[in-house]
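Taking it in order: structure first as structure tokens, then the write-up.
Every number in this text was worked out from the coordinates using simple rules, so none of it is lab data. All values reported here derive from a predicted model rather than from experimental measurement. Using ideal geometry, Cβ is built from the backbone for each residue, glycine included, and neighbour counts are taken over all protein chains shown.
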Amino acid sequence: MPQARPPERLEHLLSLVDVPEPVAADGEIVVAVTAAAVNFTDVLFIGDGYQVSVDPPFTPGSEFAGVVTDVGPGVSTVEKGALVRGAMMVGAFAERVLVPASAVTRLPETAGLELAAATGVTHSTAYSALRSAARIAHGEWVAITGASGGVGSAALTLARESGARTLAVVSTPAKAAFCHRLGADAIVDLSSAPDVKGRIREITGGGADVVLDVVGGDLAETMLRAMRRRGRFVTLGYASGDIPRIPLSLVLLKGVQILGFDIRRFTQHEPELAARDAAELAALYERGVGATVTARYPLERAAAALTAVASRSVMGKVVLVPGGTG
């Protein structure tokens, strides 16, 4: 299995090239990309560090929003000029994308396309991890590692919307301030907390009910030790670059559940739950719940945007804006 460590020197792996304009065939559409979200999984795909490999050359990018410019035969769900958002494994970091019409969701004319691009995979991952994997309950303490990042900040917002109490685990004072602005009930800053486990247990009155871990590494075991008995630990990714090795004796003694969650496999293998979660998430979007876009890059600075995400210096969401000035 590929490791979860991002590649070094991303600029050496990416080139900006001109290609022919795509043309929609049966069941396909072409979308002029207004914004494309930058995710940690995009970094891993480039370095062949994800669970699924993509043979190069390929265009990275997994989610986008924009305007339909071409519609192939047999497509009746959208027309030219419609606003859409879509998801794909790769291909979104471009001025135009060619996708099956089934890969996009139509947006209202008033939709903000940057927000639509940014509020996709991360929010779907966070919501279903909370709702379907962890099965959080009102009033429970949910501890979130990497809480200022894309998935982490989405989980922070969505857990609060679900009535849980949120504890953000971050690595710098700036990230702590960001999570405070998002409304975290409590924050543990790893740079100034000498006893992370003790601090979490103190804040939560005995330990977290649920842990959502996107960081991995040594922090994962610390978070497991900071849980209360019968809690649920959900592993979502390994932004630290290190896949943790958890002592099963801790699982035995604490009676906790360790759950893995991957949004692509979840959608594939549990379509009914995925559809329910998507409908509930759509209702939250309509109420204005969405991502916090904190940085915008033009397409020619894709390597810089990906490097920012890989270095874990990002707070909230980063988007590429083809044709933008960044």
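Data for the structure
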| item | result |
| --- | --- |
| Per-residue Cβ neighbour rank within 10 angstrom, fewest leading, LYS254, LYS175 | LYS254, LYS175 |
| Inter-part distance where the stretch 150-192 and the stretch 278-326 are each reduced to a Cα centre, Å | 18 Å |
| Farthest toward positive dipole pole in the stretch 122-265 [+1 Lys/Arg, -1 Asp/Glu at C-beta], among VAL188, ALA129, ALA174 | ALA129 |
| Karplus-derived 3J(HN,Hα), 6.51/-1.76/1.60, for each residue of the stretch 237-250, Hz, glycine and proline x | x, 9, 4, 5, x, 10, 7, x, 10, 8, x, 5, 4, 5 |
| In nm, spacing of pseudo-spin labels at ARG276 and ILE246 (7 Å Cα→C-beta vector) | 2.3 nm |
| Fraction in percent of alpha-carbon pairs per bin - 10 Å, the stretch 122-265 | 13, 49, 35, 3 |
| FRET efficiency, 1/(1 + (r/R0)^6) with R0 22 Å, evaluated for ALA25 and GLN51 via beta carbons | 0.15 |
| Antiparallel bridge percentage (DSSP; both residues within the chain; nearest 5) | 50 percent |
| Per principal axis, descending, Cα span of the chain in whole Å | 59, 41, 35 |
| Amide hydrogen neighbours beyond the local backbone of LEU259, cut-off 5 Å, H modeled | PHE233, VAL234, THR235 |
| Kirkwood hydrodynamic radius of the stretch 181-326, Cα pairs, Å | 18.0 Å |
| Span per principal axis, largest first, for the Cα atoms of the stretch 1-109 (Å) | 42, 25, 24 |
| Vicinal HN-Hα couplings computed from phi for the stretch 285-293 (Karplus, 6.51 cos²θ - 1.76 cosθ + 1.60; Hz; Gly/Pro x) | 4, 5, 8, x, 7, x, 6, 10, 7 |
| Pairwise FRET efficiency - ASP18 versus ARG135, Cβ, R0 = 41 Å, nearest 0.05 | 0.25 |
